[in-house]
């Protein structure tokens, strides 16, 4: 059932992405007509490194008490509409009930590019509606110090899984927005679809409960969202094309 | 444009759904049947055409693991049964009587065990990989291994032919 939901989300996500491209193309047509009358202007605008944190990771602990996560988000404007982006995540997972104890922790980094879909018309406007793609890598370890397989007829089976270190890789696509609410101070949200490349982790006999930076370890495809607060450290300037009416 | 407006609402709806699905505490819910019993069906050859087999119902079935309490006691109208395999050993042996007047058979299953962490909510279950299955031949004619891997109760793993 969850796999089906995830697949529906993926399909809708792709549909929206396609529609966005289609609308963008559709919208381009009338602008082409105006091209003759519009002046293309190139101005230098401040750019730099934007550092933030994902507030949803803090909220997550209240919904899923076994998870403690922290994510630092970074992005740096490279060209007019291209931003290099990275997320650095940390996770600790600890759960204990009558059937099993679980302990895990690890780090993850994802690197990629965001593309700003908005065309700028005002030099100081720093809104951003973006689509992006990232590659993610996690290094983590986990263990099941003890677990129990209930057996009402033959008696319960008790076992343990020793601590093991694993790596995971995934590809992530995202769409979202960032808005400058105060000077250099941004709020933003985005949704992500992550596709695990190291499938044998999720399909193995002991999939981890959580892969840091990715999500649930027994899923090959996960949906997630971020709500970020970030601060821009202006460090350099970028040439920005603007079409003035 | 109306389509663009609907797309906006669809997008918001998807965001909400994504947020909700990402936030559920999955240690609280096990949303699947985690029983990994050997699922057994009874069959007999069609009279006049012994090459064809048909499902059958046995009159009064009694089953228990050797030296254990009974699992099924003189139950009527069974066309199959689900037997829990020994979680601690790689062999399980069962006393099997199809009718109260019939001679009993001993069913033996040899397998490998593999604990499997299903999910945060379901915990660990035992998967079995059956190497072989056999029986004494008082009433049971043969034992057919239909599916070697027992990871769910929903498929037929063994067929007993009478």
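Neighbour counts of other Cβ atoms within 10 Å put A:177, B:81 in the fewest-to-most order A:177, B:81.
Short-range pairs are left out: with C-alpha atoms under 8 Å and at least six residues apart, the relative contact order of the range B:38-161 is 24 percent.
Restricting the calculation to alpha carbons of the range B:65-157 gives Rg and Dmax of 14.5, 48 angstrom. Net length available on complete extension from residue B:46 to residue B:148 is 34.1 nm, with 0.36 nm assigned per residue and the Cα-Cα distance removed.
Along the Cα-to-Cβ line of residue A:107, 7 Å from the Cα, sits a label point; which residues in the range A:44-83 have backbone N less than 16 Å from it? Within reach of a label on residue A:107, which here means backbone N under 16 Å from a point 7 Å along Cα→Cβ, the range A:44-83 contributes A:69-74. State the Cα centre-to-centre distance between the range A:166-226 and the range B:24-75 in whole Å. About 42 Å separates the Cα centre of the range A:166-226 from the one of the range B:24-75.
Residues within the reach of a label modelled at residue B:132 (point 7 angstrom out along Cα to beta-carbon, backbone nitrogen below 18 Å), restricted to the range B:83-107, are B:90-94, B:106-107. Across q = 0.15, 0.16, 0.25 Å⁻¹, the range A:165-209 modelled as identical point scatterers on its alpha-carbon atoms has Debye log10 I(q)/I(0) values of -0.58, -0.62, -0.88, in the order of the q list. Which FRET efficiency, nearest 0.05, do residue A:70 and residue B:112 yield, Cβ-Cβ r, R0 60 Å? The calculated FRET efficiency here is 0.90.
Modelled this way, with points 7 Å down the Cα-to-C-beta line, the labels at residue A:239 and residue B:12 are 4.1 nm from one another. Exposure proxy ranking for A:170, A:189, based on other Cβ atoms within 10 angstrom of each Cβ and starting from the fewest, stands as A:189, A:170. A convex hull fitted around the alpha carbon atoms of the range A:185-235 yields 94 Å³ per residue.
Taking one quarter of the surface of the C-alpha convex hull of the range A:91-245 gives a mean projected area of 12.2 nm².
Exposure proxy ranking for A:194, A:158, based on other Cβ atoms within 10 angstrom of each Cβ and starting from the fewest, stands as A:158, A:194. Each listed q (0.16, 0.19 Å⁻¹) maps to a log10 I(q)/I(0) for the range A:50-179 from the Debye sum over equal C-alpha point scatterers, namely -0.89, -1.09. In summary, chain B shows an alpha-carbon radius of gyration equal to 1.50 times the 2.2 N^0.38 Å reference for compact globular proteins.
Only the coordinates and a few stated rules stand behind these numbers; no lab work does. Because the structure is predicted, anything quoted here is derived from the model rather than measured. Glycine also receives a Cβ, built like all others from the backbone with ideal geometry; neighbour counts cover every protein chain displayed.
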